[in-house]
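A short worksheet on the structure shown next.
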């Protein structure tokens, strides 16, 4: 007879489970708040930067003489932040959110410091690209962390903290941006450079808060990390050339050799990306399995369209407020508060409804509808519309975006398993950022491509041209220091040729009038002297001398009378013995303006005016500041027409999103947070292992789970 005895010990390395039927929360309310404080610090840094830079970008562009290169600055930032977003998401699933969030803050602060040393818009674009690498973490990881620690229906309880950060940054951002950009120097440093320098102390404070408060529990399965280097490289190869051609296509030509090369490289990058992601499977930066979910695919497409319209079209609003409406950078920042208010109202209301009902299917539909209404209002903008009209459009856009951002992210997160929370959240943000990056590059390129043509067309308006040309020809207006810039930029190239041509015509009239007067005097005097010679009163030998003497004496009065008559006929004055226009005389000025305008309109319609190239230069708009409204109206009208074209494009994109949202099917909300679900799953696995080991021991099994072989001894 033999027996087998075994001492079975189960070591799983996991926390003991709670009693059956009782689930202990993985994080307390206090722990959640501390994590939120850490997230708020990083989000405040990112949100404040976007608000401040958006307010000051016109001043920066004017100072660096490259406002028409603004798209480089915004696109460079969005390219790197977009590419970095999915990489951060995947790496955070592998190595944890906290170290990558800290890394993002450090890189963002470094990029801000470098940006303050920029001497050109292209240099600023390069440093903003470094900022974007850090911003990728600040934009995507907070959403993933919130998905980790909070159940979807609980997020409304905490989103007020984030809205407060967003609201505060939106209020003080324009003030800070306006203060810095409006100051010539602060502590011996150009004012606008502080727009970037201010991020350094704020970033250090945010870093300290994150180090102190951002601590997340580690749960779930542990796997050896496998980094998708080929996928990351392919993303860069795909996006960089396509975004480059979107920015430079108008300069190169959309069918040029450089453009075609970018298309080919981008397409090759896309193919290699799909191959790499297919081979990497679950370890891919963007696992293709996510797109098997109709919900995730639709949420991604909606996010892309909304990002395209939002980032691309709304970037024109601060420029519009400053260039057309004439607000200062500070005022333009505060003027966007209706949009911020609408966004906060919609976010709070929709969040509370989701928290109480668990339903969110309707919000993408309503959100795209409100956004479309806002863009539709903006398409009616003209330079004489009041500011409140523009604010109405912004408010509706804010109401729409406040409902869209949260619900699209919710749908994406609820369509995947908890272990893919990071990559799903970052992928959703990634495609929204791609839409925003493409929207920024394409729509700003379209904006500055349309501006020269629209400005020339605005100048060709007969009524506006008559008024503007009359002002430009008025000496008191043209010589004003406030109008020096606009005269040099737009009107001097037009006015100087006109004055030269008019004077050349009057000089011919002067010559003709004096010649005619001299001839008439000579003929009259000659006839009179010859009559006296015939009568014997004057000797024939003295006749020519008398003629010359009397003609010389009579010429001045005759010429003066002839010039006076010619001046009346020509609507001019006699100045120093010649015909000339007294440009300060409204009647004379108006006469020549009326004569010149029809031919000038024809030249402008053909784009052949001598001032057409300078009038369409959009690299520096500082000349508009304080200038006479009659002189700046053509530029304002041209910019307005270009901006309205962008709003029409934005409206079309949002309407497409609205139609797609009607077919958007969303999954039910999770009852627990992602971390809680993973902890519960781990606890269930532990319980299963324990039960199996106990059952094996009772049954006298020679082996048990996780015990290996149990030695036996025969007696």
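Values quoted throughout were computed directly from the atomic coordinates according to the rules given, and no laboratory measurement underlies them. Please read these numbers as outputs of a predicted model, since none were measured by experiment. Counting neighbours? That spans all protein chains shown, and the Cβs are built from the backbone with ideal geometry, glycine included.
Give, in nm to one decimal, the length gained when the segment between residue 488 and residue 516 is fully stretched (0.36 nm per residue of separation minus the Cα-Cα distance). Working shown, then result.
Values: separation 28, 0.36 × 28 = 10.08 nm, distance 4.04 nm.
Stretched out fully, the residue 488 to residue 516 stretch lengthens by 6.0 nm.
Using the count of nearby Cβ atoms within 10 Å as a rough guide to exposure, how do 662, 124, 288 rank from fewest to most? Don't skip to the end; give the middle numbers.
On the way: 662 9, 124 28, 288 12.
If I rank by nearby Cβ atoms, fewest first, I get 662, 288, 124.
Report the gain in length on full extension from residue 275 to residue 501: 0.36 nm times residue separation, minus Cα-Cα distance, nm rounded to one decimal. Display every interim value, and only then the final one.
Numbers: separation 226, 0.36 × 226 = 81.36 nm, distance 6.81 nm.
Separation in residues times 0.36 nm, less the Cα-Cα distance, equals 74.6 nm.
Extending each Cα 7 Å along its Cβ direction at residue 568 and residue 331, get the distance between those two points in nm, one decimal.
So the two model labels end up 5.0 nm from each other.
Could you order peptides 533-545, 626-638, 393-405, 423-435 by the average number of other Cβ atoms within 10 Å of their residues, highest first?
Details: 533-545: 11.3, 626-638: 21.5, 393-405: 26.0, 423-435: 28.1.
Order by mean packing, descending: 423-435, 393-405, 626-638, 533-545.
Please give the FRET efficiency for residue 282 paired with residue 215, using the beta carbon to beta carbon distance and R0 = 25 Å, rounded to the nearest 0.05. Please list the in-between numbers first.
On the way: r = 27 Å, r/R0 = 1.08.
Once rounded, the FRET efficiency stands at 0.40.
Give the calculated FRET efficiency between residue 256 and residue 606 to the nearest 0.05, with a Förster radius of 25 Å applied to their Cβ-Cβ distance.
Working: r = 26 Å, r/R0 = 1.02.
Between residue 256 and residue 606 the formula returns 0.45.
If I take R0 = 60 Å and measure r between the Cβ atoms of residue 389 and residue 552 in this structure, what FRET efficiency does the formula 1/(1 + (r/R0)^6) give, to the nearest 0.05? It would help to have the intermediate numbers written out before the result.
Numbers: r = 72 Å, r/R0 = 1.20.
After rounding, the FRET efficiency stands at 0.25.
Evaluate the distance, in nm, between pseudo-label points positioned 7 Å from the Cα of residue 119 and of residue 267 along their respective Cα→Cβ axes.
That separation, rounded to one decimal, is 4.2 nm.
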